[in-house]
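Beneath this line is the structure, given in C-alpha cells, with notes to follow.
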Amino acid sequence: MTFRNLCSARYSCRAYDNKPVETEKLAYVQECVRLAPSAVNRQPWHFITVTDPAQLQAVKDAYHRDWIQGVPAIIVCCKNEEMAWTRRYDSHNHADIDLAIAIEHLCLAATEMGLGTCWVCNFDINQLRSTFSLPTGFEPCALIPIGYPADEKPAEKVRKDISEIWENR
Ligand SMILES: Cc1cc2nc3c(=O)[nH]c(=O)nc-3n(C[C@H](O)[C@H](O)[C@H](O)COP(=O)(O)O)c2cc1C
C-alpha cells in the first residue's frame, strides 16, 4: 500500500467485531508508535492496551456512546507535560503535539494491519481518572479503540480543498 492509499484507507471506525486482535499485530503497531518523533526526543507518552473485561468496561463507561460497547480493546493514550519539551519563547508545552503524532502512527499502522481505530477525545476525563488507575504524572488525552471493523469505510472523505488550506508564497 502506498502512503497515500494508507491515508485514504484510515477512517474513524465506530463498529467492531469482537474478535481479539493478534499479539503480533499489536506488536507491529507498538513498534510504529515507538518510532514516532517528539520534540527534543522526550517521548512524553504512555500507552495502556486494555482488554481485561472489568478494566475495559471502566474505560468504556467514560465515553457515553453505545458504539464503544462492542470494542474488543482500547488503547488509553497519555501525555506527561513535565517530561515534554517547553519552548522558552512562549512557554508552549509540546506534549499534545508529540502524543498526537504517536497516536496517528498508531492509527495508520493499525490500518495497514487491516484493523479499525477511532480517535476518541470526548470522554469524561474525571470519570476515567476515578475508575481507572493511571501512572503518576500522566494525563489521558485520547482513547483509541482497536479491532476488526464491522462497518464499511465511507465512500468518500469529506475534506477541505487544498486551495482552502494551503498557500504558496
Ligand atoms: C483529536 C480528535 C478527537 C476526536 N474525538 C472523537 C470522539 O470523541 N468521538 C468520535 O466519534 N470521533 C472523534 N474523532 C474522529 C473525527 O470525528 C474524525 O477523525 C473526523 O470526522 C474525520 O473522519 P475520518 O477519521 O473518518 O477521516 C476525533 C478525531 C480527532 C483527530
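Within the listed set SER38, SER130, SER12, the Gaussian network model of the chain (springs between alpha-carbon atoms below 10 Å) gives the highest mean-square fluctuation for SER130. Build a GNM of the chain with springs between Cα atoms under 10 Å apart, and of ALA27, ALA100, ALA109 the one that fluctuates most is ALA27.
Amide H contacts of TYR16: ALA150, each under 5 Å away and 5 or more positions distant or on a separate chain (H built 1.01 Å from N in the peptide plane; Pro and chain starts excluded). The fewest-to-most ranking of PHE132, PHE123, PHE3 by surrounding Cβ atoms within 10 Å reads PHE3, PHE132, PHE123. Would you please classify the overall shape of the chain from the alpha carbon gyration tensor, given that a ≥ b ≥ c denote the square roots of the eigenvalues, rounded means a/c under 1.5, and beyond that prolate means a/b larger than b/c while oblate covers the rest? Verdict is oblate for the chain. A cut-off under 12 angstrom between Cβ atoms defines the neighbours of ARG10, and their net charge, with Lys, Arg +1 and Asp, Glu -1, is +1.
Fewest neighbouring Cβ atoms within 10 Å first, the residues ARG88, ARG34 line up as ARG88, ARG34.
When the chain is treated as a Gaussian network with alpha carbon springs shorter than 10 Å, the biggest mean-square fluctuation among GLU104, GLU82, GLU156 belongs to GLU156. Each of ASP66, ASP61 was scored by other Cβ atoms within 10 Å of its Cβ. Arranged with the fewest first, they read ASP66, ASP61. Remark on GLY147: its backbone amide H falls under 5 Å from those of GLY116, a criterion applied only to residues 5 or more positions apart or on other chains, H modelled at 1.01 Å from N.
Please list, or write none, the lysines whose alpha carbon is within less than 23 Å of the alpha carbon of LYS79, excluding same-chain residues fewer than 8 places away. Straight-line reach from LYS79, under 23 Å: LYS60.
Quick note: the coordinates plus some simple rules give every number you see, no bench work behind them. Keep in mind that what you see is a predicted model, and the values were worked out from it rather than measured. Every residue, glycine as well, gets a Cβ built from its backbone with ideal geometry; the counts of neighbours run over all protein chains shown.
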